[in-house]
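Notes for the one structure printed next.
The values are calculated or read from the model by the stated rules, or taken from the named source; none is laboratory data. Please read all numbers here as calculations on a predicted model, not as lab measurements. All Cβ positions, even for glycine, are placed from backbone atoms using ideal geometry, and neighbour counts span all protein chains on display. For accessibility, only protein heavy atoms count, side chains too; no ligands or nucleic acids. Shrake-Rupley method; radii C 1.70, N 1.55, O 1.52, S 1.80 Å.
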Amino acid sequence: MSTNSLLSQIPRNLAGKTVLITGASSGIGRSTAFEFSRTQPDINLILAARRIETVQEVAKEIEAESGGRTKVLALKLDVSDLAAVKRFWEVEVPREWKERGVDVLVNNAGGVRGLEHVGEIAEEDVATMIGVNVMGLIGLTQHVVRHFKNDRGGKGDIVNIGSIAGREPYAGGSIYCATKAAVRSFSDSLRRENISNQIRVIEIDPGQVETEFSVVRFRGDKAKADAVYAGCDPLGPEDIAGVIVFAVGQRQGVVLADSLIFPQHQAGAGAVYKRPA
Ligand SMILES: NC(=O)c1ccc[n+]([C@@H]2O[C@H](COP(=O)([O-])OP(=O)(O)OC[C@H]3O[C@@H](n4cnc5c(N)ncnc54)[C@H](OP(=O)(O)O)[C@@H]3O)[C@@H](O)[C@H]2O)c1
């Protein structure tokens, strides 16, 4: 019997895999790309987001840091555009990458717009949140699950980034909370559909993480975004990245189906302790 710790087996379990990460230009997606390469440099990464120059920069940094061991493909993708998702999967991912196959999809692209109450929410914001967080996530997953079933012998990992907001709705978050509840429900159905094969469905629900998330919510107003984190110690994107890599790095028979990650000062969507100013 091996006396190696299970943790020490994670790099070996990841060796040679190909991981596709959406929303890799920033925050949790960007950190996840680095964390995979730092845990196992002999890994292949497909990084996608709308800001292609930023993704290309991330790709260059990872390739340099890994001494060229990590192969990184940077591609432009707006997940809310389902025709673009189809084109991305069928045409833009090069043949050699397709033939090698994708082992892991990290559905991370997503975000929130505003804090308006129902009746005051711009239709465009409703469409954006549902389009990216729900339609986009489902759209890409359909292609990748088909690939797992048709080309990979019914094997592969889908990692869906949900949120505490999907478990605990709050005033001003109606649409965002609904989209993340949809992600959670989608993950649960997908997991049940795949218990007879080797497709693992992993849902990771972060609490408060300091990324561009709040800057996007407040439409670029950095002062408003900073105020969200004043007097508390939010998670960093690398904290969530570590959990994602830990989950994917488990041996095939282990599914880290569901996890909720808070910073110390948080115990719910509305339960956040702030130090007095
Ligand atoms: N930060 C938090 O407190 C928190 C808490 C719980 C859950 N989450 C979830 O964590 C995930 C990552 O968010 P984050 O905190 O890392 O925020 P972030 O720094 O704003 O990153 C969001 C990423 O999603 C990408 N994205 C947005 N719209 C997209 C689209 N239409 N097509 C493709 N990519 C798109 C962005 O890239 P481009 O702009 O370049 O396209 C960016 O790379 C999201 O699903 C979010 O809901 C965050």
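I need the full set of residues from the stretch 75-118 which are assigned to a helix (DSSP H, G or I) and in contact with a Gly (Cβ under 6 Å, 6 or more places away or on another chain), in order please.
Residues satisfying the conditions are L82, V85.
Quick one: is L77 under 19 Å from L20 (Cβ atoms), open to solvent by 30 Å² or more (accessible area, probe 1.4 Å), within 13 Å of the ligand (Cβ to nearest atom) and modelled with pLDDT of 95 or more?
Answer is no for this residue.
Being in contact with a helix residue (DSSP H, G or I) (Cβ under 8 Å, 6 or more places away or on another chain) and part of a helix (DSSP H, G or I): is that true of E238 here?
Yes, satisfied.
Exactly one of these conditions fails for S37: (1) away from the ligand (no atom under 14 Å from the Cβ); (2) assigned to a helix (DSSP H, G or I); (3) farther than 16 Å from K60 by Cα; (4) open to solvent by less than 40 Å² (accessible area, probe 1.4 Å). Give me its number.
(3)
Can you tell me which of V145, V118 is hydrophobic (A, V, I, L, M, F, W, C), open to solvent by 60 Å² or more (accessible area, probe 1.4 Å), away from the ligand (no atom under 14 Å from the Cβ) and modelled with pLDDT of 95 or more?
Sole residue among the options that is hydrophobic (A, V, I, L, M, F, W, C), open to solvent by 60 Å² or more (accessible area, probe 1.4 Å), away from the ligand (no atom under 14 Å from the Cβ) and modelled with pLDDT of 95 or more: V118.
Of the residues that make up the stretch 50-60, is at least one open to solvent by 10 Å² or more (accessible area, probe 1.4 Å), touching a residue at least 40 places away in the same chain (Cβ under 8 Å), closer than 20 Å to N133 by Cβ and within 15 Å of the ligand (Cβ to nearest atom)?
No: zero hits.
Taking the residues in the stretch 174-207 that are of a type in the set (K, R) and in a helix (DSSP H, G or I) as candidates, determine which candidate is surrounded by the most Cβ atoms within 10 Å (Cβ to Cβ).
Among those residues, the one meeting the criterion is K180.
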